[in-house]
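One structure is given below, encoded as structure tokens.
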Amino acid sequence: MSKNLKATLRYAATAPSGEQIEKIKSVLCGKFGVSASDIEVEIREDSSIGGGFIVSCGNFEYDWSDAGRAKQLRSELINTRSDDTDPGRIISMFSQKVEDFDTSVGNREVGFVDWVGDGIANVTGIEHAFYGEIIEFEDGTRGMAQDIREDHIGCILFGNDAGIRQGTRAVRTYKEAGIPVGEAFIGRVVDALGMPLDGLGDIKESGYRSVEGRAPGIIERQSVNEPLQTGILSIDTMFPIGRGQRELIIGDRQTGKTSIALDTIINQKGKDVICIYVAIGQKASTVAKLVQTLKKTGAMDYTIVVSSTAADMAPLQYIAPYSGTALAEYFMLQGKAVLVVYDDLSKHAVAYRAISLLLERPPGREAYPGDVFYLHSRLLERSSKLSSELGGGSITALPIIETQAGDVSSYIPTNVISITDGQIFLESDLFFEGMRPAVNVGLSVSRVGSAAQTKAMKKAAGSIRVDLAQYREMAVFTQFSSDLDETTKNQLRHGNVLMELLKQPLEHPLSMHQQVIILVAAGSGRLDMVPVPKVRECKEKLLKFFESEHADICGELERSGEMSDQLKRRILDAVDSFMEDEKE
Ligand code: ATP
Ligand code: MG
């Protein structure tokens, strides 16, 4: 043990007596395991502490000051914010708090900033911080221990670093980074730390959850068994998504990725699903527009928007999806179904790369750090369908990835493809051909969702995927030939009509029974004679016709989720009579 341990004692008004100094020495002896004679105490006056005194020794600080105690009491009181508004009760509650307030010595480990910049601070002197611990800086800014090294810790900062300089004190808080959660968040727009951004006032939290939650284990889960309908015909029929599934939306820029997620959120109206949209590195104007659409369509009533825009510092963009998931877990554990959209994880990986490079971690492929796979796997593993014993709640994840020139085999896309249970691949060429949503049928897949598809939908979808694949092939082959036989012509006509039916405008989700009716009508070939430019109009009319003349069929489909042969017959008969009317 080093001889001559140096301690500093700061006092405000009255210098401590000899007896007090002896007492302090004995506390330090116990802590550092040295004898009293080895301790040297420097005594200094410091009016900023208000009263009492603070002893600093090595990395530890013992706070007996008025300022320190006031701070402790303040945080105690903040933690006991209650829903009670009766002033009498509030006063009694507060006085109770004050009476119970244990004026324990604030025993803290402190360090000093060694380097700061770009939302990162390196702190030396703190030896025992754990990964993910909140570190508080002198000016009140908070950070999180992200990189633990032998001689220093690297913190990512959740606030402005303007007030932090070399030599600024940093204090351990012994608390894991987390965000407030609760029902009151529904309908709100918050930042990555759960603070409101929509100017609608404070949000009363019902709890606090660590941002880096543990993913449910195998025993705690059950397999996906309930559909999560997107309302988009091409997805619900061919690549169905189940509650608890993770389905990736992938494509180049401006191919309608966000639109698919947004339409899915809009379609959850009345389906008892809580939606969380996490914006990562998006333009603030894009997020504002999206919130506007959610409000306009009434979807904001069951949606939370967690926004970290491109203007936010990398640490906030990095933490945002974890915060969104913490909020989602709060609802899942209550047995509710939750849908989370991460828009988008490419920008998340870029933010993490920036942080890692600043923390001087070795760069790997495409300069991403070695653990970039774990970045997304630990996030998406938290989406699951809980077992019935645990309430049967679920988190369905729709992560979004932006590709460059359709390259799905670059680093981050392949990582996320392998983590998720399928992907919806959007293609620029299709998008510009007017095929919107631009779902590429050949490259998209859903690996678990069909287990959750309703029986009616499964039966109605039938061979549509194969038909479309054959059509695409045939269309390419026959592009330049003029002389086609009758079967080929029929096949092409059928394919053209199918493609036309799969086009769907924004904010027009189709319900399950509408999709089944379209599919049954198209599958039977009864719409093949409709000229292509008229298909869309014909589809609208057909759906209206069913709604007004055959509400019983629609009702039965929705109620039972099944389609007997007899019901299918009735649908076909109705389609026939509709086509008769159309002819006249
Ligand atoms: P970014 O890469 O910029 O995030 P994105 O892939 O998320 O783009 P969106 O913003 O969803 O794409 O859509 C791009 C444009 O395409 C928008 O103007 C949107 O209105 C339009 N669009 C998307 N889907 C459809 C659709 N089904 N019908 C008509 N227009 C659509
Ligand atoms: Mg987008």
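The values are calculated or read from the model by the stated rules, or taken from the named source; none is laboratory data. Keep in mind that what you see is a predicted model, and the values were worked out from it rather than measured. Counting neighbours? That spans all protein chains shown, and the Cβs are built from the backbone with ideal geometry, glycine included. Ligands, DNA and RNA are stripped out before the accessible areas are found, and what is left, the full protein with its side chains, is counted by its heavy atoms. Shrake-Rupley method; radii C 1.70, N 1.55, O 1.52, S 1.80 Å.
Some observations on this one:
- Residues (part of a loop (DSSP other than H, G, I, E, B) and open to solvent by 10 Å² or more (accessible area, probe 1.4 Å)) located in segment 245-284: Asp252, Arg253, Gln254, Gly256, Lys269, Gly270, Lys271, Asp272, Lys283
- Conditions (1) away from ligand 2 (no atom under 16 Å from the Cβ); (2) among the aliphatic types (A, V, I, L, M); (3) open to solvent by less than 10 Å² (accessible area, probe 1.4 Å): number failed by Ile417: (3)
Results for (1) open to solvent by 40 Å² or more (accessible area, probe 1.4 Å); (2) more than 20 Å from Ala320 (Cα to Cα); (3) modelled with pLDDT under 95, shown as yes or no for each residue.
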| residue | (1), (2), (3) |
| --- | --- |
| Val123 | no, yes, no |
| Tyr131 | yes, no, yes |
| Thr141 | no, no, yes |
| Asp151 | yes, yes, yes |
| Cys155 | no, no, no |
| Gly159 | no, no, yes |
| Thr168 | no, yes, yes |
| Lys175 | yes, no, yes |
| Glu183 | yes, no, no |
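- Set Ala320, Ala310: member being touching a residue at least 12 places away in the same chain (Cβ under 8 Å), within 16 Å of ligand 2 (Cβ to nearest atom) and open to solvent by 20 Å² or more (accessible area, probe 1.4 Å): Ala310
- Against the list (1) under 21 Å from the mean Cα position of the chain (by Cα); (2) more than 16 Å from ligand 1 (Cβ to nearest atom), the condition Ile218 fails is (1).
- Residue match in segment 302-310 (condition: more than 16 Å from the chain's Cα centre (by Cα) and in a helix (DSSP H, G or I)): no
- When Gly163, Gly194, Gly217 are checked against the criterion of being within 28 Å of Asp139 (Cβ to Cβ) and surrounded by fewer than 19 Cβ atoms within 10 Å (Cβ to Cβ), a single residue qualifies: Gly163.
- Glu427 being under 30 Å from Leu502 (Cβ atoms), in contact (Cβ under 8 Å) with a residue 60 or more places away in the chain and open to solvent by 10 Å² or more (accessible area, probe 1.4 Å): yes
- Within segment 240-270, considering residues that are more than 16 Å from ligand 1 (Cβ to nearest atom) and in contact (Cβ under 8 Å) with a residue 60 or more places away in the chain, the one nearest to the chain's Cα centre (by Cα): Arg246
- Residues in segment 332-350 that are open to solvent by less than 10 Å² (accessible area, probe 1.4 Å), assigned to a helix (DSSP H, G or I) and within 16 Å of ligand 2 (Cβ to nearest atom): Leu345, His348, Ala349.
- All of (1) open to solvent by less than 70 Å² (accessible area, probe 1.4 Å); (2) modelled with pLDDT under 95; (3) at negative phi hold for Tyr208 with one exception: (1).
- Within segment 478-536, being more than 18 Å from Ile571 (Cα to Cα), of a type in the set (Gly, Ala, Ser) and in a helix (DSSP H, G or I) holds for one residue alone: Gly495.
- Selection of segment 221-244 for residues being under 22 Å from Leu468 (Cα atoms) and in a loop (DSSP other than H, G, I, E, B) yields Gln229, Thr230, Gly231, Ile232, Phe239, Pro240, Ile241.
- Selected residue (criterion: nearest to the chain's Cα centre (by Cα)) from residues of segment 451-467 that are closer than 15 Å to Thr396 by Cβ and in a helix (DSSP H, G or I): Ala452
- Long-range neighbours under 7 Å by Cβ, at least six apart or interchain, first residue of a type outside the set (S, T, N, Q) within segment 332-346, second within 16 Å of ligand 1 (Cβ to nearest atom) and open to solvent by 10 Å² or more (accessible area, probe 1.4 Å): Asp343/Thr258; Asp343/Gln282; Asp344/Glu402
- Within segment 371-405, the set of residues being within 16 Å of ligand 2 (Cβ to nearest atom) and surrounded by fewer than 18 Cβ atoms within 10 Å (Cβ to Cβ) comprises just one member, Gln404.
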